[in-house]
Amino acid sequence: MSTVKTTPVKTTPMIKQYLSIKEQYTDAILFYRMGDFYEMFFEDAETAASVLEVALTSRNKNEAEPVPMCGVPVKAADVYIGRLIDNGFKVAVCDQIEDPATAKGLVKREVVRVVTPGMIIDNELLDTSTNNYVLALSRSNGAVGISYIDISTGTFRLSESANNQAVGDEVRRIAPSEVVVPASARTDDTMAGFMSLFPETMLTFLDDNEFDDKAARKRLTEQFKTRSLEGFGCEWLTSGLSAAGALLSYVSRTQKQEVSHITGVDAYSIDHYLLLDDTTRRNLELTLNLRTGGRQGTLVEILDNCATAMGSRLLRHWIQYPLLDPRRITERLDAVAEVRENISVRNHIREGLKTVFDLERLASKLVMGRANARDLLALKRSLQSLPALREGLAELSSPLFAFDKHLASAALDELAGLADLLESAFRDDAPPTITEGGMIKPDYHPKLSELIAISRDSKGWLARMEAREKEETGINALKVRYNKVFGYYIDIPKTRMNEVPDHYIRKQTLVNSERYITDELKEFESKALGAEEQRATLELEIFNDIRDRVMAKTGHIYTAARFVAGVDVLCNFAEVADSNDYVKPAINDAGHIDIQAGRHPVVEKMLAGERYVPNSVRLDNQENQLLIITGPNMAGKSTVLRQVALFSIMAQMGCFVPGKSASLCIVDRIFTRVGALDNLSSGQSTFMVEMEETANIINNATAQSLVVIDEIGRGTSTYDGLSIAWAVAEHLHDLDGRGVKTLFATHYHELTELENRKSRIKNFNIAVKEWNDEIIFLRKLVEGSTARSYGIQVARLAGIPDNVISRAKHILFDIEQGNAAFAAATVQKTETEKQDTGPVQLSFFDEPENTVISKLKNIDISRMTPLAALNYLNSLKKKAEKASSGHR
């Protein structure tokens, strides 16, 4: 970041002022107001000119050490600030705090706000569908405190946990734009671990005193105007309160004002929501896709058809925080079902919602002093929509649609009064600025009406004066005009100068004419120009008065905003369900997941010219607890696995699901081990990533969890990988003597033997049809195992040349026959040798005959009952048959 210039230069009072202000903001680019421009100097200028692509000049070009300088127009400042923020910089905005026209000497200036990635108010710089959080972390008494705030919406939350892994997952789920930590975090290994999750440019270090527990409590109670914090359920969350207090201090300091729209804090427990770690959120592509990191092809893209920006943000929050409380889940599902059935009511509500602007961000801009007349017009139109919305919701019985329950009639009346006030005051064509007039209706204030009449009549008055003067002087070429430099004047050609009346006072001589004024014209000029200035001043006073009156009701506005957002999401769920043929899932307490004809909500939308094949899946704690799923690559195993996980997330957030029917138990966590994404930036191999994700599952899964494993052990040798996969499957089946519901896709067909060894493991496969050594993917999950992976056929589909495919078949056949010398064989074959040997499948173990013989040698018959011996013999027979079928 830039530093304060210390090299001696020829200083002026302005440069001295600049340097003294800059010294207080060494970690930010200083925007120094000079007239209609924000100027930057020294290192700031060099940095900003490069990033913003503006001309780098110098203030004193003829000096031995010219001062680098660049600038941007004040009116376009937000755009340039946004570009600097996007490039990891902070911006300190230094304005003139006195009128240059009346200032004696150097105009006083001071920083009025500091813009950081987490301290953005302006809509143009924000994603309307996403919250912009700044996060604070604190650690004390063995617990880590989490607090985050979005000043653009007034959202303020805190939590704490002694589980460092849970905290790490939570801060990733929050996805902040900026992170605030105490200075001592640099030497705290635990805090350093959390800090390592973010780029250095996102971190802001505050003095440890800012995180003092007692100071934080005092700061929060003063902010909320309460005696204690018990009403917010966080009185004893010491670490969380320390983080929240420091965060509130940081916000106030950067914004240079009290953030009065922060009137409470939402204290929550991480354990009260379905836990989705970072790996799971990425693998399931809930909000970001794996390919580009964008929104396309994600669950949120499919589900978000909300009518308001507030609804879109809340929907995103619900996706990331599915519920665990069956009562609350059922309440949401019932509300969606009701509004889905009432199509006309739903249409009426959604049409009304389309006229509601972003109330949260409008209110925040108002409180933070960033609103203009157009923002108040948007607020007016939004408030005017509430009565019709209330009327539509009155036809629904769900408590989630009960307008009066969330916003009392008195509050609604007050908001209606605000709407009437704004309607009476502001012109529909109000300009974006608030200092130049033209935003208040003339009849709102008697004095304003008079001033506007003077300004409006000036042209007519001048025309009348010109006609009168022409008649009185007899000079037809006489003109009455105005310009910004000389004001009002009478222009007369030099050829008629002898006819000028004595009371005309010469003002300016030109080549072909003379300009004059009269006492009457001077009086009018004073009145007309004064009227424009007085009008702008009066309109600003009126604007500020109305803004203060609206600010007094921001609590009601926020309440209305959050209620409207909830209604929007629920109606959106109903709309999506209707459009996509989703069904209401049943929430059961029997511990099973039963999906009939389910579809992946994203994949079915992305298929082009291909029918989606639905699949049914049942998981329970008695017979189908762990499903071993085999089948070739590209057959659809991954889609089925992700589909089941998404069903649980959608149901627990209160959304219908794509299928014929679904009955789902509550799951406390969803774990995924999917794909083979190397974490090369941290030097981790594919296999290490696999093992770390698998270790996370083994160490944290409970009997109420859902585990999705799509391949394991493929990053190492065949036998090591198979051994690990086998052991992991056994462990998940036996977990705490109860097991955990698991979908386990694999290419290790030997794992299908587990069905004969573990009572709650069942084999399934994705069916394919073979035809002339080609395969057709049927995409259908069927019971039973398959002994083949069809790898060579899939390779052909992927475009591997025929000669390579043919050679691969020969090599595979040699391996199957136990020919260890195949690798030394020459690629040059006779035409006879190159004949197609037919489909073959690699076995990871010995040939079937040797396997059976080996097992028979090791069996202790003396300890077996006759029935057990027969069952064991039967299992060996089945194994031999399966293995042999793979050779045919």
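Go through (1) β-branched (V, I, T); (2) out of contact with any strand residue (DSSP E or B) (no Cβ under 6 Å at 6 or more places or on another chain); (3) at pLDDT 90 or above; (4) not in a helix (DSSP H, G or I) for I490 and report which single condition fails.
With respect to (1) β-branched (V, I, T); (2) out of contact with any strand residue (DSSP E or B) (no Cβ under 6 Å at 6 or more places or on another chain); (3) at pLDDT 90 or above; (4) not in a helix (DSSP H, G or I), I490 is out only on (2).
For region 425-448, give me each residue that is open to solvent by less than 50 Å² (accessible area, probe 1.4 Å) and free of Cβ contacts under 8 Å to residues at least 24 places away in the same chain.
The one that is open to solvent by less than 50 Å² (accessible area, probe 1.4 Å) and free of Cβ contacts under 8 Å to residues at least 24 places away in the same chain: P442.
If we scan region 59-72, do we find a residue that is closer than 24 Å to R253 by Cα and touching a strand residue (DSSP E or B) at 6+ places or on another chain (Cβ under 7 Å)?
No, region 59-72 contains no residue that is closer than 24 Å to R253 by Cα and touching a strand residue (DSSP E or B) at 6+ places or on another chain (Cβ under 7 Å).
So G369 passes all but one of these: (1) more than 29 Å from the chain's Cα centre (by Cα); (2) among the small types (G, A, S); (3) not in a helix (DSSP H, G or I). Which condition number does it fail?
(1)
Given the conditions (1) open to solvent by less than 50 Å² (accessible area, probe 1.4 Å); (2) at pLDDT below 90, report the number of the one that K741 does not fulfil.
(2)
Taking region 618-663 on its own, how many of its residues are hydrophobic (A, V, I, L, M, F, W, C) and assigned to a helix (DSSP H, G or I)? Write out each step before concluding.
At the first step, the residues of region 618-663 found to be hydrophobic (A, V, I, L, M, F, W, C) are 619, 626-629, 634-635, 640-641, 644-647, 649-651, 653, 655-657, 662.
Within this subset, residues satisfying the condition of being assigned to a helix (DSSP H, G or I) are 640-641, 644-647, 649-651.
Total satisfying the criteria: 9.
Within the set of pairs 6+ apart or on separate chains, which have a first residue in region 10-25 that is farther than 17 Å from E65 by Cα, a second that is among the acidic types (D, E) and open to solvent by less than 40 Å² (accessible area, probe 1.4 Å), and C-beta atoms under 6 Å apart?
none
Can you name every residue in region 44-100 that is open to solvent by 60 Å² or more (accessible area, probe 1.4 Å) and not in a loop (DSSP other than H, G, I, E, B)?
Matches in region 44-100: E46, S50, T57, K75, V79, R83, D86.
Take region 452-462 and flag every residue that is touching a residue at least 12 places away in the same chain (Cβ under 8 Å) and touching a Pro at 6+ places or on another chain (Cβ under 9 Å).
Selection gives I452 alone.
Can you work out which of the residues in region 343-369 that are among the polar types (S, T, N, Q) and surrounded by fewer than 24 Cβ atoms within 10 Å (Cβ to Cβ) is farthest from G392 (Cα to Cα)?
Step by step, filter region 343-369, then rank; the result is T355.
Mind checking which residues of region 449-483 are more than 54 Å from the chain's Cα centre (by Cα), of a type in the set (S, T, N, Q) and surrounded by 12 or more Cβ atoms within 10 Å (Cβ to Cβ)?
Within region 449-483, just T473 meets the criteria.
Out of region 154-204, which residues are open to solvent by 50 Å² or more (accessible area, probe 1.4 Å) and under 29 Å from L288 (Cα atoms)?
Listed by number, the residues that qualify are E160, A162, N163, N164, Q165, R172, A175, S196, L197, P199, E200, T201.
Looking only at region 525-541, how many residues end up being within 20 Å of K441 (Cβ to Cβ) and open to solvent by 10 Å² or more (accessible area, probe 1.4 Å)?
Start the filter on region 525-541 by keeping residues that are within 20 Å of K441 (Cβ to Cβ), which leaves 531-541.
Checking the rest, the ones that are also open to solvent by 10 Å² or more (accessible area, probe 1.4 Å) come to 532-538, 540-541.
Matching residues across region 525-541 total 9.
How many residues are within 23 Å of R253 (Cβ to Cβ), open to solvent by 30 Å² or more (accessible area, probe 1.4 Å) and polar (S, T, N, Q) if we restrict to region 138-148?
Here is the first cut: in region 138-148, the residues within 23 Å of R253 (Cβ to Cβ) are 138-140, 145-148.
Those still in the list that are open to solvent by 30 Å² or more (accessible area, probe 1.4 Å) too: 139-140.
Checking the rest, the ones that are also polar (S, T, N, Q) come to 140.
Selection size over region 138-148: 1.
This table checks each residue for (1) under 16 Å from Q652 (Cα atoms); (2) open to solvent by 40 Å² or more (accessible area, probe 1.4 Å).
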| site | (1), (2) |
| --- | --- |
| T559 | no, yes |
| F563 | no, no |
| L570 | yes, no |
| Y582 | yes, no |
| P585 | yes, no |
| N588 | yes, no |
| G591 | yes, no |
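Filter region 618-633 down to the residues that are closer than 13 Å to I761 by Cβ and not acidic (D, E) and list them by number.
Let us first name the residues in region 618-633 that are closer than 13 Å to I761 by Cβ, namely 619-630.
Across region 618-633, the qualifying residues are L619, N621, Q622, N624, Q625, L626, L627, I628, I629, T630.
Give the number of residues within region 398-413 that are in contact (Cβ under 8 Å) with a residue 40 or more places away in the chain and exposed (fewer than 14 other Cβ atoms within 10 Å of the Cβ).
Number of matching residues: 1.
Only one of these conditions is not met by S138: (1) touching a residue at least 40 places away in the same chain (Cβ under 8 Å); (2) out of contact with any Phe, Trp or Tyr (no Cβ under 8 Å at 6 or more places or on another chain); (3) among the polar types (S, T, N, Q). Which number is it?
Failed condition: (2).
Here is a list of conditions, (1) assigned to a loop (DSSP other than H, G, I, E, B); (2) open to solvent by 10 Å² or more (accessible area, probe 1.4 Å); (3) under 25 Å from N572 (Cα atoms), and L286 meets all of them except one; can you say which number that is?
Answer for L286: the failing condition is (2).
Please verify whether L379 is part of a helix (DSSP H, G or I), closer than 19 Å to A309 by Cβ, modelled with pLDDT of 95 or more and open to solvent by less than 10 Å² (accessible area, probe 1.4 Å), treating the condition exactly as stated.
Yes; evaluated as a whole, the condition is true for this residue.
Using the structure shown, decide if I15 is at pLDDT below 95, open to solvent by less than 10 Å² (accessible area, probe 1.4 Å) and over 26 Å from M202 (Cβ atoms). Give the steps one after another, and end with the answer.
On the way: at pLDDT below 95: yes; open to solvent by less than 10 Å² (accessible area, probe 1.4 Å): yes; over 26 Å from M202 (Cβ atoms): yes.
Here the answer is yes, as I15 does meet what is asked.
Kindly evaluate G154 against the criterion of being within 30 Å of I557 (Cα to Cα), modelled with pLDDT under 95 and either among the hydroxyl-bearing types (S, T, Y) or out of contact with any Pro (no Cβ under 6 Å at 6 or more places or on another chain) (or both). Outline the logic, then answer.
Details: within 30 Å of I557 (Cα to Cα): yes; modelled with pLDDT under 95: yes; either among the hydroxyl-bearing types (S, T, Y) or out of contact with any Pro (no Cβ under 6 Å at 6 or more places or on another chain) (or both): yes.
Yes: the conditions hold for G154.
Tally the residues that are touching a residue at least 12 places away in the same chain (Cβ under 8 Å) and assigned to a loop (DSSP other than H, G, I, E, B), restricting the search to region 584-617.
13
Here are the criteria: (1) among the charged types (D, E, K, R); (2) over 29 Å from V134 (Cβ atoms); (3) not in a helix (DSSP H, G or I). Tell me which single one R33 does not satisfy.
If we test R33 against (1) among the charged types (D, E, K, R); (2) over 29 Å from V134 (Cβ atoms); (3) not in a helix (DSSP H, G or I), just (2) comes out false.
Which residue out of L135, L125 is modelled with pLDDT of 95 or more and either touching a strand residue (DSSP E or B) at 6+ places or on another chain (Cβ under 9 Å) or open to solvent by 70 Å² or more (accessible area, probe 1.4 Å) (or both)?
L135
If you scan region 307-331, which residues turn out to be open to solvent by 20 Å² or more (accessible area, probe 1.4 Å), assigned to a helix (DSSP H, G or I), touching a helix residue (DSSP H, G or I) at 6+ places or on another chain (Cβ under 8 Å) and under 20 Å from L646 (Cβ atoms)?
Kept after step one, since they are open to solvent by 20 Å² or more (accessible area, probe 1.4 Å), are these residues of region 307-331: 307, 309, 314, 316-318, 320, 324-328, 330-331.
Okay, now just the ones that are also assigned to a helix (DSSP H, G or I), so 309, 314, 316-318, 320, 326-328, 330-331.
Next cut, touching a helix residue (DSSP H, G or I) at 6+ places or on another chain (Cβ under 8 Å) only: 309, 314, 316, 318, 320, 331.
Once the filter is applied, which keeps residues that are open to solvent by 20 Å² or more (accessible area, probe 1.4 Å), assigned to a helix (DSSP H, G or I), touching a helix residue (DSSP H, G or I) at 6+ places or on another chain (Cβ under 8 Å) and under 20 Å from L646 (Cβ atoms), region 307-331 yields L314, R316, W318, Q320.
Report, by residue number, each residue of region 703-723 that is open to solvent by less than 40 Å² (accessible area, probe 1.4 Å), modelled with pLDDT of 80 or more, not hydrophobic (A, V, I, L, M, F, W, C) and not in a strand (DSSP E or B).
S705, E711, G721
The values are calculated or read from the model by the stated rules, or taken from the named source; none is laboratory data. Computed from a prediction, not measured in an experiment: that's the story for all the values here. Here the Cβ is made from the backbone with ideal geometry for all residues, glycine too, and neighbour counts use every protein chain on show. Heads up: the accessible areas ignore ligands, DNA and RNA and are worked out on the full protein's heavy atoms, side chains in. Shrake-Rupley method; radii C 1.70, N 1.55, O 1.52, S 1.80 Å.
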